[in-house]
Amino acid sequence: MVLHSMETLLASGESSAILSAVSIALERSDEVPMWKQKTLPYVEAILSVLIPLRDQNLLFDPEGNPHNTLTTPLFLRWCDLMSLKTLAFTLAKSNEATQLVRTKITQTDYTPIELEILGKYLSSYSVNLEDEWQDFPITNYNLHIGITALIEKILTGGR
């Protein structure tokens, strides 16, 4: 069995391999079960859009700046619930236009990205997917700050 670092998995691994590595890290952690249960679906939702962007060489940060590689810091930037909501709307608009919009990427080749997993996840936390400017409950934002802290601990090996 070949073990890969999280950086290697993020840069080139399949979503299932990344989720498996996160799941194993969660199982081995001493975190409260609630945090463990909430973390994997969040990671899955984020990966459901970042991996297709990575595979199309269309990664960008929340400010729309292009990135060549999916790294831990870039992944963590998208763990912010407000940024992830904005990403969902950006990709929905991009899917409609069949080109990536609202970014500083000039590449014209774009294959629409499936948003079902991300949409279901965001909806489950009261994120309105019809009105981009409608807020969601602050308690859900605060919950995701805690989830993100655990994700960061896993991705960085507790460093």
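Amide H of residue 101 versus every other amide H placed in the peptide plane: which residues, excluding those fewer than 5 positions away on the same chain, fall under 5 Å?
So residue 101 has HN proximity to 94.
Give me the percent of accessible area attributable to carbon and sulfur for segment 28-123, probe 1.4 angstrom. Kindly include the intermediate steps, with their values, before the conclusion.
Values: 2370 of 4660 Å².
Exposed carbon and sulfur together represent 51 percent of the surface.
Using a 1.4 Å probe on the protein heavy atoms only, what accessible surface does residue 135 show? Give it in Å² to the nearest 10.
120
Excluding residues on the same chain fewer than 8 positions from residue 153, give the lysines whose Cα lies under 21 Å from its Cα.
Straight-distance partners of residue 153: 36, 38.
What whole-number distance in Å separates the alpha-carbon centres of segment 4-83 and segment 85-127?
Cα centres, segment 4-83 to segment 85-127: 16 Å.
Can you put 67, 144 in order of accessible area, largest first, using a 1.4 Å probe?
Ranking 67, 144 by accessible area, largest first, yields 67, 144.
For the chain, what does -39500 (n - 2.57) per DSSP helix run (n ≥ 4), summed and divided by total residues, give at 222 nm, in deg cm²/dmol to the nearest 500?
-19000 deg cm²/dmol
Protein chains only, probe 1.4 Å: how do 154, 145 rank by accessible area, largest first?
145, 154
Cα to Cα, under 23 Å, and not fewer than 8 places away if on the same chain: which lysines meet these conditions relative to residue 93?
Hits, sequence-local ones excluded: 85, 104, 120.
Run the simple label-point estimate for residue 130 and residue 98 please: 7 Å along Cα→C-beta, distance reported in nm.
Here the answer is 2.8 nm between the modelled labels.
Per residue, how much accessible area does segment 1-105 show when a 1.4 Å probe rolls over the protein heavy atoms, in square angstrom?
49
The values are calculated or read from the model by the stated rules, or taken from the named source; none is laboratory data. Since this is a predicted model, take the numbers as computed values, not measurements. Positions of Cβ are generated from backbone atoms using ideal geometry, with glycine treated the same way; all protein chains shown enter the neighbour counts. Keep in mind that these areas ignore ligands, DNA and RNA; they rest on the heavy atoms of the full protein, side chains included. Shrake-Rupley method; radii C 1.70, N 1.55, O 1.52, S 1.80 Å.
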